[in-house]
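**Student:** If you scroll down you'll find the structure; I have some questions about it.
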Amino acid sequence: MGMEETTPRGLDGEETGAQDVTPRKVQADAPEGRQKVTLAMLWHLFKVFFLIGGFTFGGGYAMLELIRVQIVDKEKWLNNESFIDLFAVAQSLPGVFAVNISIFIGYRLQGFWGALVCVIGTTLPSFLIILILAIYAQQFRENPVVSAVFKGIRPAVVALIIAPCVSVWRALKLGWKYLWIPVLCAVSVTFLGVSPVTVILVSAAAGWLYTKFVFHKLPSTK
């Protein structure tokens with residue numbers, strides 16, 4: 001089946017405004033934003049997620065901003081709102097959320113092979129680095145240069161965690177009146193010993209109740 005020259009669109013169906021390039025041409029009958037599987041696109045996905053996996057120190061939330069910049073700002077595969085929804089789902093599922101996100105993006109764009117390539121790209125840098133550290137662990141532990149480098153990285157990781165929190169808050173367009181919710185969740189987990197699983201389940205139930213019984217009854221602002 002031939003390829004159609006169309007305005008590039010992200011996974012959410014919105015126009016991205018980006019220039020059309022060969023690896024991103026969408027097949028005419030591709031379901032749900034699925035693109036025709038090509039080696040060029042698979043290689044591009046691998047490079048994007050290899051970059052994410054290889055240049056993010058601290059893991060977890062420290063990866064969030066780099067993932068958002070690559071997927072939303074540069075590649076235009078999702079908009080901010082869709083990325084936040086995907087992050088919420090990926091974070092609620094078992095496993096590393098960066099891997100969960102890579103599976104979703106890869107599968108939506110290139111099917112099974114896309115998901116596989118994205119997972120390999122995300123995890124390969126860590127695997128190689130940990131393998132090298134395991135082989136030369138003793139030498140690295142006693143090397144003052146390596147020790148100093150990691151001490152310098154630690155404060156940067158804190159900033160990498162704070163930055164996505166601010167960007168996500170802005171993207172959600174939430175007012176300060178909702179700030180008590182993440183503060184309460186953080187205090188519950190950190191100081192009261194509440195399980196993160198409990199926080200997720202309670203938050204999901206509260207969100208459903210609010211949407212069903214309160215949100216739809218509010219006067220429209222349009």
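**Student:** Once the whole set of protein chains is in place, how much accessible area is left on Glu65, using a 1.4 Å probe, in Å² to the nearest 10?
**Tutor:** 40
**Student:** Right, another one. Which entries in the list Lys76/Lys177; Lys36/Lys74; Lys36/Lys76; Lys47/Lys74 go over 25 Å, if you measure between the two C-alpha atoms of each?
**Tutor:** Pairs exceeding the cut-off: Lys76/Lys177.
**Student:** Compute, for Lys74, the solvent-accessible surface of its heavy atoms (probe 1.4 Å) with the complete set of protein chains present, and express it in square angstrom to the nearest 10.
**Tutor:** The accessible area comes out at roughly 120 Å².
**Student:** Going by the alpha-carbon gyration tensor, a ≥ b ≥ c the square roots of its eigenvalues, is segment 61-180 rounded (a/c under 1.5) or, if a/c is not under 1.5, prolate (a/b greater than b/c) versus oblate?
**Tutor:** oblate
**Student:** What ranking of Trp176, Trp169, Trp113, Trp77 comes out by heavy-atom accessible area, probe 1.4 Å, highest first?
**Tutor:** I get Trp176, Trp113, Trp169, Trp77, largest accessible area first.
**Student:** Could I ask something else about it? Going by accessible area, probe 1.4 Å, with all protein chains left in place, what is the ranking of Val89, Val48, Val117, largest first?
**Tutor:** Val89, Val117, Val48
The values are calculated or read from the model by the stated rules, or taken from the named source; none is laboratory data. As the structure is a prediction and not an experimental result, all values here were calculated from the model. Quick note on the areas: whole protein, heavy atoms, side chains included, nothing else; ligands and nucleic acids left out. Shrake-Rupley method; radii C 1.70, N 1.55, O 1.52, S 1.80 Å.
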